[in-house]
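Written out below as structure tokens is the structure these notes cover.
Here, each number is a calculation from the coordinates, and none is a lab measurement. Since the structure is predicted, the reported quantities are computational estimates derived from the model, not experimental observations. Here the Cβ is made from the backbone with ideal geometry for all residues, glycine too, and neighbour counts use every protein chain on show.
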Amino acid sequence: MKSLASWFHRRGWRDLIIGIPYLWLIVFFLIPFLIVVAMSLATRTPTAPPFGYGGANPILNFEGYARLFTETLYIRAFITSLMNAAVATVICLIIGYPMALGLTRVSKSWRNILLMLVILPFWTSFLLRVYAWMGMMGRNSWFNGLLTDIWNLLTPQSYALTSIPMMNSNFAVVLVMVYCYLPFMILPLYANLERLDPVLDEAAMDLGSRPFQVFRDVTLPQSIPGIIAGAMLVFIPAAGELVIPALVGNPSSPMIGRIISDEFAQVRDWPMASTVAVALLILMVGPTMLYSRYQQKAEGRAEERP
Amino acid sequence: MSEPVLPENAPFIRIEGVSKRFGQFEAVRDVSLTIGKGEIFALLGGSGCGKTTLLRMLAGFETPTSGRIFIDGQDMADTPPWDRPVHMMFQSYAIFPHMSVEKNIAYGLKHEKMTAARRAARVEEMLALVQLTPFAKRKPHQISGGQRQRVALARALARQPKVLLLDEPLAALDKKLREHTQFELMSIQQNTGVTFVVVTHDQEEAMTLADRIAVMDKGEVKQVGPANQIYEYPNSRFVAGFIGAISTYPARVIRLTGDLTEIDIPAMGGTFAARSLPGLTEGQTVTVALRPEKVSISKTCPDAVNVVEGQVKDLAYFGKDSLYRVILPGGDLISVHTVNARRASESGRPADWDDRVWLSFEPASAILLTD
């Protein structure tokens, strides 16, 4: 008993404090995930809950995983999701990088105002913002009208349009995703760029580099961890996004989130829905591991710095 | 201000009436300097005196509000930093953290038209110059502070600049490394012949390193000259006080007699002889300044021109030398520095606490300051 008390005194508190987040992850992530994995291997039954193991069916049913690779619905859904998410991520990076860089170059007071503006959209409901875009993209909106006028001005008569069909397309999905996820790109990039020493830019300039070369040789290589962090924060939720494609997407080429939701709620095929969810998670683990490896490297470097 | 001492060689850097204002604040005020080729020139001053701003204007990071800067005969007004024949060694070294030692040194050479083999050879040469050859592949976070400084030096020298600007080159090093690096910098300067402009707040660093020093205060250059001239012949109270220890007292000119001036120093309760300054008039108030090592102390009245009696208030014995603080007749204190050239008798020191002592100094040692 005495040794237990001394052990607790020596290590207990530390282990307890480190243990709390692990416990949280186990209870709220690992166990539910294992339930989903188990469900993905069950067989669909007309009972409640609508799945079961054994009986007339195989104990573990791998049919769902086989369907993933054979049915075009799933293959297409994965490709659409990954493509939309990838395009949205790249556009977020192209728009977000100059914004993040700009934030680091303005005066302190301006910086706070601009950072506030970046975060400001979060103050309204996410759903409301998507609805706003639906209104903007609709055929009778001023926004659509404006774009139509520009289109008609720039193209020959034979291509003239009365309105641009934006809604219910992958274009609409990417546009709204870029709008909604842009802050997730800007903020980690800003956090990264803000830490870079401006003297390094001067040093490169001093050694003969023009501003563009300074950016290419000094700023960009040092901001890779920020780019990866931002890309992960945009790509992962975008790939599994449900609401945006459901509201503005093309119903005939659904994304993964839509498939999972439909399989659960409409088709009531819980094992298949679980299978798709597991597959999506496995797909996302790869990039996440890449990210954490990069972060470890960056942290290791920071620690070794005297 | 005394006439600026011209460098031995033709002026290589010419700074003509340069001022720099940041809003209402005048960081540099009407500075004119000439720096010779191959010279080690120090800009010395406290923080905020404008020395770093002046250095940054030479590098091209700041534009003068007025005035012109010529380097090797060329007006630098429209030359951006990347086109100047000037490289800088930054105070923080500014080593690129994502590049190896080798890549850091090679960075400036990217912009030179040279073959890959020639470039590699130049990097090798630089690594050897700063004795970092075994560390070529290391990343900056894997080497020590002193080594990082040498990387910064090699990187700045690799492109063979005409001028090397050094911003507080020794400030971040510990005492032992400082002395070593100081001599290393001097030998590298001699071997390469590059003009060095060093910014420092450390007077000892400036005096040992530099051929000539410009003492700056509040954006202005107070005095320019070799170390010994600035130390022995300061032209203002600021310079006298900034470089080395000194005791100053108000005084009044009584009589001008050729080389010597008779002055009344109330703090010492009498009249004394000092070497005259051009332009002095009888009755003028001046400041008399005495370096501690120029004053002798003894328990018997010496046979000297300038003698004053005092009482020892404090003394610090350092072994090879001693520092006394002596109360003058007027109540002021004077510092006296003596070298303990002879072994003291066992009974004690030449003078002790509260002893009555005689102080004396040469007329030539008394520095008269009108500013």
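A compact table of results
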{"read-out": "P(r) tail fraction, the stretch B:232-355 - alpha-carbon pairs more than 23 Å apart, %", "value": "36 percent"}
{"read-out": "10 Å Cβ shell holding at most 16 others, DSSP loop, chymotrypsin sites (Phe, Trp or Tyr not before Pro): longest site-free stretch of chain A", "value": "A:63-306"}
{"read-out": "Residue among A:Tyr131, A:Val278, A:Leu93 farthest towards the positive dipole end of chain A, charges placed on Cβ", "value": "A:Val278"}
{"read-out": "Distance (nanometres) between label positions extended 7 Å along Cα→Cβ at A:Phe126 and A:Phe69", "value": "3.3 nm"}
{"read-out": "Cα Rg over Rh - the stretch A:257-300, Kirkwood", "value": "1.30"}
{"read-out": "Whole-percent pair-distance distribution, where bins are 5 Å wide, for the alpha carbons of the stretch A:65-304", "value": "1, 6, 11, 13, 14, 14, 13, 10, 8, 5, 3, 1, 0, 0"}
{"read-out": "Long-range amide H partners of A:Arg268 with built H, under 5 Å", "value": "none"}
{"read-out": "Unit charges on C-beta of K, R, D, E only; dipole of the protein assembly as shown, Debye", "value": "2100 debye"}
{"read-out": "For residues of B:89-99, the mean tally of beta carbons on other chains within 10 Å", "value": "5"}
{"read-out": "Largest-first principal axis extents of the Cα set of the stretch B:1-153 (Å)", "value": "50, 31, 28"}
{"read-out": "Cβ-based exposure ranking for B:Cys49, A:Cys92, in which fewest neighbours within 10 Å come first", "value": "B:Cys49, A:Cys92"}
{"read-out": "Beta bridges by DSSP in the stretch B:11-242, antiparallel share as percent, to the nearest 5", "value": "55 percent"}
{"read-out": "Backbone HN-Hα couplings from phi across the stretch B:56-62 [Karplus 6.51/-1.76/1.60, Hz, Gly and Pro as x]", "value": "5, 6, 5, 6, x, 7, 10"}
{"read-out": "Calculated [θ] (222 nm, deg cm²/dmol) that DSSP helices of n ≥ 4 give over chain A, each run adding -39,500 (n - 2.57)", "value": "-22500 deg cm²/dmol"}
{"read-out": "Distance between the stretch B:18-45 and the stretch A:1-70 - C-alpha centres, whole angstrom", "value": "71 Å"}
{"read-out": "The stretch A:1-52 shape via C-alpha gyration tensor axes, a/c threshold 1.5", "value": "prolate"}
{"read-out": "Partners for B:Lys299 among aspartates and glutamates (Cα-Cα distance below 19 Å; same-chain residues under 8 apart left out)", "value": "B:Glu309, B:Asp314, B:Asp321, B:Glu346, B:Asp352, B:Asp354, B:Asp355, B:Glu362"}
{"read-out": "Rounded, prolate or oblate (a/c below 1.5 giving rounded, otherwise prolate when a/b exceeds b/c) for the protein assembly as shown by Cα gyration tensor", "value": "prolate"}
{"read-out": "Loop trypsin sites (Lys or Arg not before Pro), the stretch B:73-130 (other Cβ atoms within 10 Å of the site Cβ: 13 or fewer; DSSP)", "value": "B:Lys113"}
{"read-out": "Shielding of A:278-284 by partner chains, average beta-carbon count, 10 Å", "value": "0"}
{"read-out": "Derived scalar couplings ³J(HN,Hα) [the stretch A:197-213; Karplus, 6.51 cos²θ - 1.76 cosθ + 1.60; whole Hz; x for Gly, Pro]", "value": "7, x, 4, 4, 4, 5, 4, 5, 4, 4, 8, x, 8, 6, x, 5, 5"}
{"read-out": "For the stretch B:43-83, convex hull of alpha carbons as volume per residue, Å³", "value": "81 Å³"}
{"read-out": "Charge-dipole axis of the stretch B:11-242 as Lys and Arg at +1 and Asp and Glu at -1 on Cβ define it, positive-most pick from B:Gly219, B:Thr115, B:Leu33", "value": "B:Thr115"}
{"read-out": "Whether the stretch B:115-215 is rounded, prolate or oblate, judged on the alpha carbon gyration tensor where a/c under 1.5 counts as rounded", "value": "oblate"}
{"read-out": "Projected-area mean, the stretch A:32-132, by convex hull of Cα positions, square nanometres", "value": "11.2 nm²"}
{"read-out": "Which listed pairs, of B:Lys176/B:Lys218; B:Lys20/B:Lys218; B:Lys175/B:Lys222, have C-alpha distances above 21 Å, in listed order", "value": "B:Lys176/B:Lys218; B:Lys175/B:Lys222"}
{"read-out": "Gain upon complete extension [A:Leu146, A:Arg76; 0.36 nm per residue less C-alpha separation]", "value": "21.9 nm"}
{"read-out": "Angle in degrees between helix B:175-192 and the longest Cα principal axis of chain B, rounded to the nearest 10", "value": "60 degrees"}
{"read-out": "Point-charge dipole on Cβ atoms (K/R +1, D/E -1) for the stretch B:247-369, about Cα centre, debye to 20", "value": "260 debye"}
{"read-out": "A:Arg216 versus A:Ile59: modelled label distance in nm, points set 7 Å from Cα along the beta carbon direction", "value": "6.3 nm"}
{"read-out": "Test item: Cα-centred dipole of chain B, Lys/Arg +1 and Asp/Glu -1 on Cβ, debye", "value": "1680 debye"}
{"read-out": "Residues of the stretch B:13-54 with amide N under 20 Å of a point placed 7 Å along Cα→Cβ from B:Asp72", "value": "B:13-16, B:34-41"}
{"read-out": "Mean residue ellipticity (222 nm) of chain B, computed from DSSP H runs ≥ 4 via -39,500 (n - 2.57), nearest 500", "value": "-6500 deg cm²/dmol"}
{"read-out": "Positive-end extreme of charge dipole, the stretch B:247-369 - chosen from B:Ile297, B:Pro329, B:Ser345 (charges on Cβ)", "value": "B:Ser345"}
{"read-out": "Histogram of C-alpha separations across chain B, 20 Å bin width, %", "value": "25, 45, 25, 5"}
{"read-out": "Distance from the stretch B:291-308 to the stretch A:191-242 (C-alpha centre basis), Å", "value": "68 Å"}
{"read-out": "Under Karplus coefficients 6.51, -1.76 and 1.60, residue-wise ³J(HN,Hα) of the stretch A:67-75 in Hz, glycine/proline x", "value": "4, 3, 8, 10, 7, 4, 3, 6, 4"}
